[in-house]
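Accompanying notes for the structure given below.
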Amino acid sequence: MGSIKVTGLSKAFGIEELFNDVSFEIKRGDKVGFVGANGAGKSTLMKCILGEMEADKGTVAMEPVDTIGYVEQQADMDAAWSLYDELKDAFADVIALAEEKAAMEAEIQHSHDEEKLAAYSRLVERFEHLEGYDYESKIRRTAYGLGFTDEDMEKCIGHFSGGQRTRICLAKALLREPDFLFLDEPTNHLDIGMIEWLENFLQGYKGGVLIISHDRFFLDKVTNRIFEIENKGVTAYEGNYTYFMKVREQRRSAQLSAYEKQQEYIKKTEEYIRKYKAGIKSKQARGRQSQLNRLERIVKPAETAAFNYFAFNEPGECAQRVAEMEDVEFSFVDKTLFSHVNMLIRKGDGVAIVGPNGAGKTTLLRLLLGEIAPNEGRIKIGSRVKIGYFSQQHEGLHMDRSLLDEMLYEYGLSEEQARRYLGAFLFHGDDVYRLIGDLSGGEQSRLAFLKLMMTGANFLVLDEPTNHLDIPAKEAVEEALSTFPGTYITVSHDRYFLDKVANCVLELENGTLKEYGGNYSYYREKKEEEAKEQAKLEAEMQAAKQKQTAVSNQTDSSKKERPEAADSKKQAQLGAIQSMSDTKRNEMIQRTEAQIAMAEAELKYLEHQMNDPSVQMDPVKSQEIADEYSAKENEIMGYYEKWEQLTEA
């Protein structure tokens, strides 16, 4: 079993020490979540382990480790290559082996040299070990899982966005299933469906995984160990993120209690020393001083809250019906994004919009904001509704201003007031003179939330509000929204965040909007129930298909009968119907009508499947459904023929 052993690792940039004397071991099969505040040194430590950055001291031993995959936040790739070429490059050694194998096959075709045959056998064994026959299908499975299509496979890398390039880098690392995977914020730019696909992949992954992530839901699903980097050291916890939080709180409480008791002991001892150091008890005082000198001091646990003063202003009153959409459609020149969308947001609602990338979630927010107009339908904002908007691009920030100037110009504050507000959001001292354009993404998000807090808005429209925030900052935002007396709607891929703040989930997918009255966990439960119902329906349809096949076989046999025999059989059936009582015939008519209704519903479901893009990308599945559709049409024709005989007799 391979492992990575880190011993005494330290790294500093100038006088700023990121971590010191860090030691831990990761074994093959471990799923380690690496957590800590922004700037604590997580990415730097990962790069030191990988050898991409040189540590000041300490060692990293990897034995026996064949391969390591690394996915960083900013990937560097050849813009001229196609997506398929880039992913295929992950199998460069396998492709070279295939070429060598083909050359050797041509060479030994008419040869009986035992040495060459043995060499060829070893080469084939190596090729099969590397799954050389399966690499093409593996490329497509992984690409589809991360949201790419057949059309995307031919596109040049230069045509993809930064988020898509991160997904390409992730796909490339996953393809070879290395002994160890190092993932730096792998869920950035992934929608919830892709994140769930990645979770399932990593849960079954046999190698070791080290993940830097602020996605708590993802960490809960994937990890079995958590490493926390804090106060320049790393503390290891067994279990997932929820277990880590529970144990860490217990440890901190115990450490704080021990710290306070020790401080009380130190205070009393120092008072005793001061009182008796020159008197008759000076000897005892010196002894206690010696004890105090030898005492190992307990370090006070660090404060965990990032935003200690985070709170929204009390918003003004507004109408009960905050925002409405009626039969809304929005289209681009060549594509309808969604149509017949209806939505009602009531006062006090906390609404989450979920759906795949490209479904139109941000477009829906922009329609509410009035930035764009629908092609069809009506949008109404209620009386006295004041909207506050949090954009993931932070368009409301003036990048050429300092933080202090932003507060002074925007809100007419005094310098003292501006500094107090900025300090509440962790901008202290000379930080207030920094240009907003020079801030990190997380710092810009903090400033954007401060400005949102200052607006007094009673309807908040939030587009990916937790992007770039570390976990303590996310928790503060969750707490603030949970106690916010107004109304808000948010687009987010952070499922943990949605679980905390949403009381209604709107799913935007395939151009339609569906409402689920609960938080994210409730939404997932309902989706699972729907999936089970769908599976049950498909099983019933499969059984019906098998039955239809049997009926078709009988029909084919009957077609071999002579025309005279077929006519005779039809006349006999008609005679049997005519001899029925009215009650029996009416019963047969009702049963046939029910069979027609059921078969037509199944036909409609098959039509829906045929229009599903994922089915259309699979030629075999597409043909199977087309065959089922044709058979179902024949079945319905048979039912109608029977119905006509029953009603006309």
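Please treat every number below as a calculation from the coordinates, not as lab data. Worth saying up front: this structure is predicted, and the values here are computed from it rather than measured. Don't worry about glycine lacking a Cβ; one is built from the backbone with ideal geometry, like all the others, and counts go over all protein chains shown.
Tabulated values for the structure
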item: Relative contact order for the chain, counting Cα pairs under 8 Å that sit 6 or more residues apart, in percent; result: 12
item: Bridge type composition, the chain - antiparallel percent by DSSP, nearest 5; result: 55
item: 0 to 90° range, to nearest 10: angle between helix 114-129 axis and the chain longest Cα axis; result: 80
item: Cleavage-rule hits (GluC sites (Glu not before Pro)) in the stretch 152-256: DSSP loop, at most 14 neighbouring Cβ within 10 angstrom; result: Glu154
item: Total formal charge among the other residues, if their Cβ is under 13 angstrom from that of Phe484, Lys/Arg +1 and Asp/Glu -1; result: -2
item: Solvent-free Debye scattering, log10 I(q)/I(0), computed from the Cα coordinates of the chain at q = 0.05 Å⁻¹; result: -0.38
item: On Cα atoms only, tilt of 619-648 relative to the major axis of the chain in degrees; result: 50
item: Neighbourhood net charge (13 Å Cβ-Cβ; Lys/Arg +1, Asp/Glu -1) for Lys547; result: -2
item: The stretch 136-210: trypsin sites (Lys or Arg not before Pro) in DSSP coil with no more than 11 other Cβ atoms inside 10 Å; result: Lys206
item: FRET E, pair Leu295, Leu256, Förster distance 25 Å, beta-carbon r, rounded to 0.05; result: 0.90
item: Distance-filtered residues of the stretch 491-528 - backbone nitrogen under 20 Å, label point 7 angstrom along Ala535 Cα→Cβ; result: 521-528
item: Simple spin-label estimate for Thr549 and Ala278 in nanometres, 7 Å along Cα-Cβ; result: 10.5
item: The stretch 82-161 - charge dipole about Cα centre, Lys and Arg +1 at Cβ, Asp and Glu -1, debye rounded to 20; result: 240
item: Scattering profile of the stretch 254-294 at q = 0.30, 0.34 Å⁻¹ [log10 I(q)/I(0), Debye over alpha-carbon scatterers]; result: -0.94, -1.06
item: Cβ-Cβ FRET estimate between Ser414 and Ile372, R0 fixed at 56 Å, reported to 0.05; result: 0.90
item: Acute angle (nearest 10 degrees) that the helix 162-175 long axis makes with the longest principal axis of the chain, alpha-carbon atoms; result: 80
item: Mean ellipticity per residue at 222 nm, deg cm²/dmol - from DSSP H runs of n ≥ 4 across the chain, formula -39500 (n - 2.57); result: -16500 deg cm²/dmol
item: Computed label-point distance, nm, for sites Leu123 and Asp582 using a 7 Å Cα→Cβ extension; result: 8.7
item: Partner lysines for Lys281 [C-alpha distance under 23 Å; skip if fewer than 8 residues away on the same chain]; result: Lys267, Lys268
item: Computed E for Ile108/Ser137 - FRET, C-beta separation, R0 30 angstrom, nearest 0.05; result: 0.60
item: Estimated inter-spin distance, Glu154 and His340, nm [label 7 Å along Cα→Cβ]; result: 3.4
item: Amide N of the stretch 118-151 lying under 16 Å from the label point, which is placed 7 angstrom from the Cα of Glu100 along Cα→Cβ; result: 118-133
item: Among Tyr135, Val354, Asn634 - extreme Cα towards positive end, dipole of the chain, charges at beta-carbon; result: Val354
item: Under the Debye formula (equal points on every Cα, no solvent term), log10 I(q)/I(0) of the stretch 82-161 at q = 0.10, 0.15, 0.21, 0.26 Å⁻¹; result: -0.35, -0.63, -0.92, -1.18
